[in-house]
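Here is the structure we will look at.
The values are calculated or read from the model by the stated rules, or taken from the named source; none is laboratory data. Bear in mind the structure is a predicted one, so any value in this text is a computation, not a measurement. With ideal geometry, Cβ positions are generated from the backbone for all residues, glycine too; neighbour counts draw on all protein chains shown.
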Amino acid sequence: MKPTTLLLALLASPLVPHSAWASDAPAATRTTGADNFYRSDRVTGERVRFKNQYQMEVVGTLYRPEGLGRDGRAPAVVVGHPMGAVKEQSSQLYAQKLAEQGFVTLAIDLSFWGESAGTPRHLVSPEIYSDDISAAVDFLSTQSFVDPERVGGLGICGSGSFVISAAKIDPRIKAIATVSMYDMGAAVRQGLNNAQSMDQRNEMIQAAAQQRLVEFKGGQRVYVPGTVNTLEPDTPDVQREFFDFYRTPRGAYAAAGERPELTTQPLFSSLVKFINFHPFNDIETLSPRPMLFISGDTAHSREFSEDAYRRAGQPKELYWVKGAGHVDLYDRTDLIPFAKLTAFFQQSLAGK
């Protein structure tokens, strides 16, 4: 079986089962209040660049609250985007909303994505992704208007697992919040609801190894169809949910030089690196740093927030958004609990 055929079969069936998400609601209802490209007139935004520990350039948008001087010493929050997305998709919305409440925020492009460095493009490297979070803390800690003792991390979708991974070895991240979190390791190892068999996993690993050799010899790269580019009658419900965001004006975006149809489509030969990624192992060691897990109560991804919450030490909270699905919390400002996030970071980053 060819790698593309295999991955389409895996991602269209066991990794994203039809029963995982109810799509009975019309599209208009699912997108009510969507404002992914929100622009605040109460914050100042600027593009910034810095190096991670691998000496790769990370690009982000830094937001400062209106009226905050260069010596303001405000608390700060690093914001990570959904897996395969870019900072302009969801994370800049969150960053601006938090900046309006007095935080300095930094929405970053993870390495290999968006404007950040890294080749080949869309490579999967959870260790480097996590280091990007810590590199953002490095950058914030050098800014005169940031209190380096009051820095938190917020991860949306896959970045929730990357922020947790970073925080386990970076005590400078004083508070951790996740929204619609995906444990990318578990998702690739076993699929949603443990729907992927060991035989299917082994088949994927074998195909990825073969494809890696093809690319080593100069052959064409293959990308995982994380979000389909067209809808068919048998397109799974979860794919339809992502399509509503990534393939419509609601959230479609591609950085300069990027191909928009490849958004959310990681390099297949590198996907198996997630199999070795276990972000929730030792999550209890983050205690007593507070953790907040936010998920829609109808989200197909809710199992990951439940798992992390169950394993985490105190203090912790699992907050359900009634009637919200996974992608709803990317951009639906009528559902996203910004007040909850604000209160969490205000309390957690209050300082002594």
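So which of Val59, Val86 ends up being crowded, with 24+ Cβ neighbours inside 10 Å and not acidic (Asp, Glu)?
None of the others qualify; the one that does is Val86.
For Thr285, which of the numbered conditions (1) surrounded by 16 or more Cβ atoms within 10 Å (Cβ to Cβ); (2) in a helix (DSSP H, G or I) fails to hold?
(1)
Residues checked against (1) closer than 23 Å to Arg39 by Cα; (2) in contact with an Asp or Glu (Cβ under 6 Å, 6 or more places away or on another chain); (3) part of a loop (DSSP other than H, G, I, E, B):
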residue	(1), (2), (3)
Ala95	yes, no, no
Gln101	yes, no, yes
Ala107	yes, no, no
Ser111	no, yes, yes
Thr119	no, no, yes
Ile128	no, no, no
Glu149	no, no, no
Leu154	yes, no, no
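With (1) in a helix (DSSP H, G or I); (2) of a type outside the set (Phe, Trp, Tyr); (3) under 24 Å from Leu192 (Cα atoms) as the list, and His326 as the residue in question, which single condition is left unmet?
The single condition His326 does not satisfy is (1).
Give the residue, chosen from Glu215, Glu241, that is closer than 28 Å to Ser116 by Cα, modelled with pLDDT of 95 or more and touching a Phe, Trp or Tyr at 6+ places or on another chain (Cβ under 8 Å).
Only one candidate passes the filter, namely Glu241.
Of the residues Ile294, Ile275, only one is part of a helix (DSSP H, G or I) and under 30 Å from Pro171 (Cβ atoms); which?
So the residue among Ile294, Ile275 that is part of a helix (DSSP H, G or I) and under 30 Å from Pro171 (Cβ atoms) is Ile275.
Does Gly351 satisfy the criteria of being at pLDDT below 95 and either among the aromatic types (Phe, Trp, Tyr) or more than 27 Å from Tyr38 (Cβ to Cβ) (or both)?
yes
Look at the stretch 206-248 and say how many of its residues are under 26 Å from Glu88 (Cα atoms) and not in a loop (DSSP other than H, G, I, E, B).
Result for the stretch 206-248: 11.
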